[in-house]
Amino acid sequence: MISFQTRFFLFLTVLALGGAICVPNAWAQTPTAAGAEPQRYELAGITVSGASYLDTNTLIGLTGLKIGDPISIPGEEIGKAIRRLWDQGILGDVSVSTTRIEGTRIFLDFNLKERPRLSKFEFTGISKGQADELKNKIKLIRGKVVTDALLNNTKTQVRKFYTNKGFLDAKATIVQVPDSTLSNSVVLNIAVDKGSKIRIRDIAFEGNNAFTDRKLKGKLKKTKERKSYKILTAGKFQKSEYEADKQLLLDFYNGEGYRDAAIVSDTLVRTEDGLALRIKVDEGSKYYFRNITWNGNYLYDDKTLASVLAIKEGSTYSKETLEKRMNYNPTGQDITSLYMNDGYLFFGIDPVETKVEGDSIDIEMRITEGVQARIKEVNIAGNTKTSDHVLRRELQTLPGDKFNRELLIRSQRQIATLGYFDPEKIGLNPVPNQAEGTVDINYTVVEKPSDQITLSGGWGGAAGFIGTVGLVFNNFSLRKASTLRNWTPVPAGDGQRLALNVQANGLQYQAYSFSFTEPWLGGRKPNSLSFSLNRTVNRLTNGGSFDIKNGSFIKSNTASVSLGRRLRWPDDYFTLSNSLSATQYETKDYPLFANFQNGTASNITLNTTLSRNSIDNPTYTRRGSSLSLSLSLTPPYSIFKGAHPNVNEWIEFHKWMFDASWFTPIVGKLVLNTRAHFGFIGTYNSNREIGPFERFKLGGAGLGFGGSSNFVVGTEFIGLRGYEDPNSPNAIQSPSSTGVAYNKFVLEMRYPVSLNPAATVYVLSFAEAGNAFESYRQYNPYKLYRSVGVGARIFMSAFGLLGFDYGYGFDAVPRYSAGQATQEKGRFHFIIGQQIR
């Protein structure tokens with residue numbers, strides 16, 4: 001009879017084997033009598049049964065047992081082998097039995113039950129769109145073994161997906177349904193119960209004495225309260241974004257001198273109407289900079305470095321400010337730039353807190369200056385269309401020059417302003433070789449389409465439908481034009497600009513233009529050469545029709561040539577261009593020019609323009625400025641004796657134009673664009689009236705059409721959103737009047753929706769004011785027509801710029817047809833191909 005002690009020992013042995021060995025049917029043959037001591041055997045054979053899809057040899061390998069191994073029956077080896085198989089998660093059951101025993105040699109069989117495989121899965125309780133989105137996140141693969149881990153992970157992913165959408169009580173239930181079409185396969189029916197969306201209704205802080213709750217709430221970027229008056233605030237609670245917001249909160253405290261600030265605890269409390277977030281902070285003491293000393297500096301003395309650092313004793317202690325002044329300040333005034341702009345690429349600076357006393361901190365700036373590095377090689381990759389020399393001539397970093405970080409960034413900006421590459425993907429990678437004291441600079445670019453085709457139509461008042469066909473090749477190559485294989489569809493890659501444009505409304509209005517620009521004449525210096533031809537014909541209607549032979553019209557033909565060059569003083573952002581143009585106007589019964597309704601007028605003009613452009617990206621500008629001062633002069637015919645009595649036969653004027661635009665980053669990608677525009681036209685002889693040509697008309701999108709006069713040839717159009725286009729009965733100026741002076745001011749906030757080079761989209765809001773004056777006697781810079789509005793710009797590489805604006809004008813304008821003033825209302829404006837100036 002087996003004693004109690006022996007039976008208890010056998011019970012513990014079974015438990016040690018993990019309960020996986022079936023008792024009493026685990027063994028087909030019992031090698032020893034019940035209650036006997038463990039018997040040692042040599043493992044002579046291993047077989048696997050019950051596995052239809054899994055590889056037998058692989059399963060045997062997973063057991064960890066090998067032929068010839070000594071094992072004990074009962075013993076630990078079998079239990080470990082079973083646990084190894086079980087840990088794979090691919091089996092539903094494992095048991096082991098003895099197939100036979102030959103003396104001290106034993107043969108084992110592992111009987112397995114495979115888990116089913118996934119044939120497909122379906123969602124219930126949610127929309128098709130959400131189901132498709134979940135499928136992309138979960139990524140369940142057909143044929144994969146359905147394990148407990150797979151089921152739990154699927155439930156977790158579903159809950160996480162809806163938690164991030166504010167459904168904190170979301171649940172997923174998974175039911176396995178055997179697939180009758182496949183053996184050992186199941187369909188997973190995933191039933192989703194989203195529950196109700198739960199929002200953050202209240203955020204409160206505890207322990208904050210230096211800053212109010214409202215101030216601290218503003219530092220949480222994504223974690224916001226949902227209030228009835230906060231229409232655009234979702235109020236969702238997302239764990240990952242909340243963790244990032246907590247770090248932003250600590251960064252704010254650190255930046256205000258509270259270097260020891262910490263979040264002691266944070267609690268999310270469920271309330272009747274949502275969530276309440278409670279954040280307890282320990283602000284600690286506020287610290288200040290005291291003594292800042294320098295060590296290791298030989299090139300610059302302490303006084304020079306202290307002036308660049310610009311942190312005075314008693315200033316609020318801020319690691320963020322210290323880091324910015326040491327390593328990267330957007331203004332370029334930092335210690336690292338001071339050294340690296342002089343070639344010290346291997347420079348390093350390490351601030352060390354040497355003493356913390358009371359509320360004051362002493363800092364020692366430990367500097368390693370290193371040696372000056374010179375540029376060894378400059379490599380460019382990614383320009384599949386644009387020739388290397390087009391990029392290299394824009395670079396400020398040349399082999400043999402000292403390394404200069406400012407010029408490296410400037411080169412990146414110059415490449416972006418070409419407009420041939422994605423500005424968001426222009427890479428620059430300095431590869432230093434400290435042993436040789438050299439650096440290789442690798443530029444990488446991604447080509448984007450830069451040519452444009454314009455096929456558009458619009459309604460131009462009495463002109464009716466006006467169609468436009470335009471082609472602009474911004475990266476043209478005249479050099480390659482002689483080889484037929486380069487016409488794909490046009491020769492490209494040398495940075496030249498070729499533009500052709502046709503605009504017409506049958507025979508009533510026609511405009512043709514052609515221009516060509518070579519930005520680097522001769523290829524050695526940035527001297528540009530431009531040539532253009534323009535012809536315009538505008539016939540006026542009479543009672544809704546026009547007479548081609550005898551009706552009223554104005555025609556103009558213009559040819560111009562321009563030379564421009566970059567300047568090095570005051571800095572190399574300046575350019576100076578000079579152009580000479582000749583225009584001939586022919587009019588017949590043209591009512592818009594009161595003093596010149598019939599005849600031919602000639603205009604020979606010399607224009608000089610001094611401009612400065614430091615913007616970082618022409619498509620969506622974040623920072624920089626654009627300034628332009630232009631002077632147009634005709635010969636002073638009136639001062640010569642015997643001048644022709646018809647003052648308009650030879651057009652005479654001097655015209656001054658000033659345009660300024662500044663771009664200032666506000667927060668993130670939000671940019672403020674501030675603009676000012678002025679224009680004046682006059683004559684050399686005070687006794688001679690200013691002619692009708694080259695004057696100013698203000699209003700609308702500045703496109704120059706609308707009303708009875710359609711397109712006024714020889715006129716400068718200035719946009720003013722919120723008001724009618726020029727020549728409308730409700731326009732700021734009467735159809736027959738034009739201004740000799742104008743001024744305009746604009747504030748515009750811009751934010752990008754997409755910076756994809758194929759379609760750059762940004763939205764904007766604006767406030768602007770302006771006016772044009774018929775004489776200097778009427779000129780009053782404070783009498784302005786004001787408006788506000790919103791809009792959007794879409795820059796498509798193939799079609800150029802498209803713009804939509806809604807503007808509301810605040811000021812009443814004369815209604816010339818009724819002889820009274822009318823209050824402006826909101827109106828839409830459409831812009832194509834050009835920005836509103």
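Residue count for segment 65-79, restricted to those that are crowded, with 18+ Cβ neighbours inside 10 Å and touching a residue at least 60 places away in the same chain (Cβ under 8 Å): 3.
The single residue among PHE804, PHE830, PHE745 that is modelled with pLDDT under 85, more than 14 Å from GLY699 (Cβ to Cβ) and in a strand (DSSP E or B) turns out to be PHE830.
Taking the conditions (1) free of Cβ contacts under 8 Å to residues at least 12 places away in the same chain; (2) within 21 Å of VAL186 (Cβ to Cβ); (3) loosely packed, with under 14 Cβ neighbours inside 10 Å in turn, ASP132 satisfies each one other than (2). Considered as a group, the residues in segment 574-591 that are of a type in the set (Phe, Trp, Tyr) and buried (at least 18 other Cβ atoms within 10 Å of the Cβ) include one that is nearest to THR634 (Cα to Cα), and that residue is TYR585.
Being of a type in the set (Ser, Thr, Tyr), at pLDDT 75 or above and surrounded by fewer than 16 Cβ atoms within 10 Å (Cβ to Cβ) is the filter here, so list the residues in segment 34-56 that pass it. So that I can check it myself, show each step before the final result.
Start the filter on segment 34-56 by keeping residues that are of a type in the set (Ser, Thr, Tyr), which leaves 41, 47, 49, 52-53, 56.
Subsequent filtering for residues that are at pLDDT 75 or above retains 41, 47, 49, 56.
Result: THR47, SER49, THR56.
Could you name every one of the strands (runs of 3 or more DSSP E) located completely within segment 555-634 that has at least 3 residues being of a type in the set (Val, Ile, Thr)? Here the list reads 574-588, 599-613.
Only one entry in LEU322, LEU248 is assigned to a helix (DSSP H, G or I) and in contact (Cβ under 8 Å) with a residue 40 or more places away in the chain, namely LEU322.
Determine, yes or no, whether ILE198 is hydrophobic (A, V, I, L, M, F, W, C) and under 18 Å from ARG270 (Cα atoms).
Yes.
When you scan segment 392-400, do you find a residue that is hydroxyl-bearing (Ser, Thr, Tyr), farther than 28 Å from PHE289 by Cα and part of a helix (DSSP H, G or I), even just one? There is no residue in segment 392-400 that is hydroxyl-bearing (Ser, Thr, Tyr), farther than 28 Å from PHE289 by Cα and part of a helix (DSSP H, G or I). Across segment 549-599, the qualifying residues are those that are of a type in the set (A, V, I, L, M, F, W, C) and touching a Lys or Arg at 6+ places or on another chain (Cβ under 7 Å), and the one among them that is modelled with the lowest pLDDT is PHE553. A single entry from ALA821, ALA812 fulfils the requirement of being at pLDDT below 70 and either closer than 20 Å to VAL763 by Cα or not polar (S, T, N, Q) (or both): ALA821. The lone criterion from (1) at pLDDT below 85; (2) part of a loop (DSSP other than H, G, I, E, B) left unmet by LEU10 is number (2). Considering segment 446-511, there are no qualifying strands (runs of 3 or more DSSP E) wholly inside with 2 or more residues that are under 23 Å from PRO423 (Cα atoms), touching a helix residue (DSSP H, G or I) at 6+ places or on another chain (Cβ under 7 Å) and at pLDDT 90 or above.
The residues of segment 421-451 that are of a type outside the set (Val, Ile, Thr) and closer than 21 Å to VAL472 by Cα, listed by number, are PHE421, ASP422, PRO423, GLU447, LYS448, PRO449, SER450, ASP451. With respect to (1) touching a residue at least 24 places away in the same chain (Cβ under 8 Å); (2) surrounded by fewer than 17 Cβ atoms within 10 Å (Cβ to Cβ), the lone exception for ILE263 is condition (1). Scanning segment 320-344 for residues that are touching a helix residue (DSSP H, G or I) at 6+ places or on another chain (Cβ under 9 Å) and loosely packed, with under 14 Cβ neighbours inside 10 Å gives GLU320, ASN327, TYR328, PRO330, GLY332.
Per-residue answers, yes or no, for (1) of a type in the set (Val, Ile, Thr); (2) modelled with pLDDT of 85 or more:
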site	(1), (2)
VAL175	yes, yes
SER183	no, no
SER196	no, no
ASN209	no, yes
LYS215	no, yes
TYR229	no, no
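Tell me, please, whether a residue that is modelled with pLDDT of 85 or more and assigned to a strand (DSSP E or B) can be found in segment 73-86. Within segment 73-86, not a single residue is modelled with pLDDT of 85 or more and assigned to a strand (DSSP E or B).
Could you tell me whether segment 68-86 includes any residue that is within 30 Å of GLY143 (Cβ to Cβ) and of a type in the set (S, T, N, Q)? No, that holds for no residue.
Checking each residue in segment 39-64 for being in contact with a helix residue (DSSP H, G or I) (Cβ under 9 Å, 6 or more places away or on another chain) and either in contact (Cβ under 8 Å) with a residue 24 or more places away in the chain or part of a strand (DSSP E or B) (or both) picks out LEU43, ILE46, THR47, VAL48, ALA51, LEU59, LEU62, THR63. When TYR253, TYR242, TYR258, TYR287 are checked against the criterion of being surrounded by 15 or more Cβ atoms within 10 Å (Cβ to Cβ) and under 30 Å from GLU369 (Cβ atoms), a single residue qualifies: TYR287. Scanning segment 360-368 for any residue that is under 31 Å from the mean Cα position of the chain (by Cα) and either at pLDDT 95 or above or of a type outside the set (Val, Ile, Thr) (or both) turns up nothing.
Per the conditions (1) of a type outside the set (S, T, N, Q); (2) under 16 Å from ASN617 (Cβ atoms); (3) at pLDDT 90 or above, the sole criterion not satisfied by GLU424 is (3). Residues that are among the charged types (D, E, K, R) and free of Cβ contacts under 8 Å to residues at least 24 places away in the same chain do not occur anywhere in segment 274-293.
Where in segment 154-215 are there strands (runs of 3 or more DSSP E), lying wholly inside it, with at least 1 residues that are closer than 30 Å to VAL281 by Cβ and either touching a residue at least 24 places away in the same chain (Cβ under 8 Å) or among the basic types (Lys, Arg) (or both)? Don't jump to the end; show me each part of the working.
Numbers: elements: 171-178, 185-193, 200-206.
Qualifying strands (runs of 3 or more DSSP E): 200-206.
Please go through segment 463-505 and pick out each residue that is aromatic (Phe, Trp, Tyr) and within 29 Å of the chain's Cα centre (by Cα).
Filtering segment 463-505 for residues aromatic (Phe, Trp, Tyr) gives 465, 473, 476, 487.
Matches in segment 463-505: PHE473, PHE476.
Okay, residues lined up against (1) of a type in the set (D, E, K, R); (2) assigned to a strand (DSSP E or B); (3) more than 24 Å from TYR590 (Cα to Cα):
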position	(1), (2), (3)
GLU652	yes, no, no
TRP656	no, yes, yes
THR664	no, yes, yes
THR674	no, yes, yes
ILE681	no, yes, no
ASN685	no, no, yes
ILE690	no, no, no
PHE693	no, no, no
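Within segment 290-319, the only residue that satisfies the criterion of being exposed (fewer than 12 other Cβ atoms within 10 Å of the Cβ), closer than 18 Å to LEU338 by Cβ and among the acidic types (Asp, Glu) is ASP301. Of all residues in segment 662-679, those that are in contact (Cβ under 8 Å) with a residue 40 or more places away in the chain and more than 21 Å from ALA731 (Cβ to Cβ) total 12.
The values are calculated or read from the model by the stated rules, or taken from the named source; none is laboratory data. Bear in mind the structure is a predicted one, so any value in this text is a computation, not a measurement. Don't worry about glycine lacking a Cβ; one is built from the backbone with ideal geometry, like all the others, and counts go over all protein chains shown.
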